[in-house]
Amino acid sequence: TTAAGCEVGLDGVIGDSTLTQNGIFTTDAQGEIKITNLAPGAYVLTEIKAPDGGYVIDTPSTNVVIGEGGDTQTVIVKNSKAGTLVIDKRDFLTGKPLKGVTFLVTDSSGAVVGSSNGEFITDENGRIVIEDLTPGTTITAREVKTVDGYVLDSTPKSIQIKTGEAQTLRFYNTPSGGLTIIKKDEETGERISGVQFEVRKLNGEIIGTYTTDKSGVIRLPEAEKGWYQVVELKAAEGYRLDDTPYQIEVKDGQTATLEITNRQTGSALIHKIDSVTGKGIYGVKFLLSD
């Protein structure tokens, strides 16, 4: 891309003679720099500042050799469009964005990104947007501090930055404490609403009957430490009932999450016809067995 405003430095040693001017040049409106009256010898062309508009420095330095007899050398310096990283933080159960979660962001060398020791905090949309990242760089984000009422998830995620693209790393937090039941479709993984469960302690004490919400979730933050049994009482429309008793332990300060899947029911169509005319025959009874 031809771009104005790119600053380069030129430094050269020719025998015992050194380029005496400050050696800094800036590209014009055509993205060019013309340097005349250079003595023969070896020079180093170093890009100091990439042009504005979201560009990054691809190759910091280039060696140039000027020969005798009015030699002219052309050096093409390329700049790539910077990449953007979006960190998206959400509630695991409801999908709502979480504001105020702190992440540490580093590159593949372990160096921190940005000017705040690598720390970034999610905004009201649960997002962090980091711009002007060098394409090809692998960036790692790790949650270091969450908000009240949620369990810290310190598992890092990494992604390689691509030229001119905005890429997203999505993280989820689970609410802390209590018991959470999640109902999902066995094939698609989609959450299922309207499924009814009975929850009781292993000593037989019934805690209550609950139905999954529109997110396919039952949340019991008040569930105390101990073992619980969960049994499905009523399946959602189009699904089989799974009356298998599931047991799960709730521990102090931790959220116990139980994921249960359901399989959709199938159907059969029996069509009784006259073998000659092909017309349907009314009133024929069949016995269907598994």
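Could you sort out which of K96/K201; K96/K183; K34/K78; K34/K162; K81/K157; K49/K162 sit more than 27 Å apart by Cα distance in this structure? Correct reply: K96/K201; K34/K162.
Compactness check for the chain: Cα Rg over 2.2 N^0.38 Å is 1.73. For the range 99-191, a simple Cβ point-charge model (Lys and Arg +1, Asp and Glu -1, everything else neutral) yields a dipole of about 160 debye relative to the Cα centre.
Rolling a 1.4 angstrom probe over the chain with all protein chains present gives an accessible area of which 47% lies on carbon and sulfur atoms. If you take the square roots of the eigenvalues of the alpha-carbon gyration tensor of the range 141-198 and sort them as a ≥ b ≥ c, do you get rounded (a/c under 1.5), prolate (a/b over b/c) or oblate? Here the range 141-198 falls in the oblate category. Among T102, T277, T72, the residue with the largest mean-square fluctuation in a Gaussian network model of the chain, with springs joining Cα atoms closer than 10 Å, is T277.
Surface analysis of the chain yields an accessible area of 62 Å² per residue, using protein heavy atoms and a 1.4 Å probe.
Ranked by the mean number of other Cβ atoms within 10 Å per residue, highest first, peptides 77-87, 205-215 order as 77-87, 205-215. Only beta bridges with both residues in the chain are counted; by DSSP, about 80 percent of them are antiparallel. For the chain, modelled as a Gaussian network with Cα springs under 10 Å, which listed residue fluctuates most, Q229, Q73, Q254? Maximum fluctuation in the GNM of the chain, among the listed residues, is at Q73.
The values are calculated or read from the model by the stated rules, or taken from the named source; none is laboratory data. None of these values were measured; they are calculated from a predicted model. Virtual Cβ from ideal backbone geometry, glycine too; neighbours counted across all protein chains shown. Only protein heavy atoms, including side chains, enter the accessible area calculation; ligands, DNA and RNA are left aside. Shrake-Rupley method; radii C 1.70, N 1.55, O 1.52, S 1.80 Å.
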